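The values are calculated or read from the model by the stated rules, or taken from the named source; none is laboratory data. All figures in this text were calculated on a predicted structure; none of them were measured in a lab. Positions of Cβ are generated from backbone atoms using ideal geometry, with glycine treated the same way; all protein chains shown enter the neighbour counts.
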Amino acid sequence: MHEGVAGAEMLPEDITVAIFCALPCELIAVRHSLDEKLSYCPSNSGPLKYVHSFGCIGEHKIVIASPHQMGPIQAAHCAATVAQQFPNVRFALMAGIGARIPNPPKRDIRLGDVAVGIPRDNHPGVLQYDFGKHEAGGKFVLKGSLNKPLAILVSADGSLHTEEIEMAESRLLKELGMITARAEYGRPRSRGFLFDPEFPHVNPGYDCTGCEA
């Protein structure tokens, strides 16, 4: 199955980038990153096993694939299907919620920030949750590593970082402004509070307004 909009259609061989998301909230974020949503014209290679979204960012034709389930087995099945259905995919990206991120003193990292893992030395930039272990004294030992991204992707990230420094010349602020102007994606009116895990929740739902008193 496929999702798209009326207008220009893409063929399987047109798609060169695949973005994988495990959760619906991750999928929504990636959809909002598209410059244009496109419809897809299936070939005779058989029906799709997953519901995909299609679009473009710049000149790149993209398929957004999601197994809508967490776990390496589900992700592997989805990735294998995409590789078979779209043979010209050059880059496969994973966009999702990180379980943990370093928070050095000179970096003000908050919940909701976008993090991009960049390889340094022998570290791939992103650590899979079961590729390390904690030892006595809080020391973390890396048991294995993921493959490093292609050099062209690392170079592209460097270019985006340069644009961030020269923010006045970047489209990023305008794009973010358009998204955060929508009520469901803007900042909440109330201030954010962090509570200890043992703090008793006042309301049965997700609203923590009563907990702030």
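Would you confirm whether any residue within the stretch 50-69 is more than 23 Å from Glu164 (Cβ to Cβ), surrounded by fewer than 12 Cβ atoms within 10 Å (Cβ to Cβ) and without any contact (Cβ under 8 Å) to a residue 12 or more places away in the chain?
Just the residues of the stretch 50-69 that are more than 23 Å from Glu164 (Cβ to Cβ), to begin with: 50-55, 61, 63-69.
Subsequent filtering for residues that are surrounded by fewer than 12 Cβ atoms within 10 Å (Cβ to Cβ) retains none.
So far as the stretch 50-69 goes, no, none of its residues is more than 23 Å from Glu164 (Cβ to Cβ), surrounded by fewer than 12 Cβ atoms within 10 Å (Cβ to Cβ) and without any contact (Cβ under 8 Å) to a residue 12 or more places away in the chain.
Against the list (1) under 25 Å from Ala151 (Cα atoms); (2) among the β-branched types (Val, Ile, Thr); (3) modelled with pLDDT of 85 or more, the condition Ile101 fails is (3). Taking Gly144 as the residue in question, decide whether it is surrounded by 10 or more Cβ atoms within 10 Å (Cβ to Cβ) and modelled with pLDDT under 70. Yes: the conditions hold for Gly144. Remark: pairs (first residue in the stretch 12-26, within 15 Å of Phe91 (Cα to Cα) and touching a residue at least 40 places away in the same chain (Cβ under 8 Å); second residue of a type in the set (Val, Ile, Thr) and part of a helix (DSSP H, G or I); Cβ separation under 8 Å; 6+ apart in sequence or on different chains) = Ala18/Val82; Ile19/Val30; Phe20/Val82; Cys21/Val30.
Reported count of residues in the stretch 166-177, each being part of a helix (DSSP H, G or I) and modelled with pLDDT under 70, is 4. Set side by side, the residues His32, His52 differ, and just one is under 22 Å from Ala80 (Cβ atoms), out of contact with any Phe, Trp or Tyr (no Cβ under 6 Å at 6 or more places or on another chain) and modelled with pLDDT of 85 or more, which is His52.
Is it the case that Ala183 is modelled with pLDDT of 70 or more and within 30 Å of Asn122 (Cα to Cα)? Break it down into steps so the answer makes sense when it comes.
Numbers: modelled with pLDDT of 70 or more: yes; within 30 Å of Asn122 (Cα to Cα): no.
When the stated conditions are applied, Ala183 does not pass them.
Looking at the stretch 148-164, can you tell me whether even one residue there is in a loop (DSSP other than H, G, I, E, B), under 20 Å from the mean Cα position of the chain (by Cα), surrounded by 12 or more Cβ atoms within 10 Å (Cβ to Cβ) and modelled with pLDDT under 85? Taking every residue of the stretch 148-164 in turn, at least one turns out to be in a loop (DSSP other than H, G, I, E, B), under 20 Å from the mean Cα position of the chain (by Cα), surrounded by 12 or more Cβ atoms within 10 Å (Cβ to Cβ) and modelled with pLDDT under 85. Criterion first (within 19 Å of the chain's Cα centre (by Cα), at pLDDT below 75 and loosely packed, with under 10 Cβ neighbours inside 10 Å) does Glu135 satisfy it? For Glu135, the condition - within 19 Å of the chain's Cα centre (by Cα), at pLDDT below 75 and loosely packed, with under 10 Cβ neighbours inside 10 Å - is not met.
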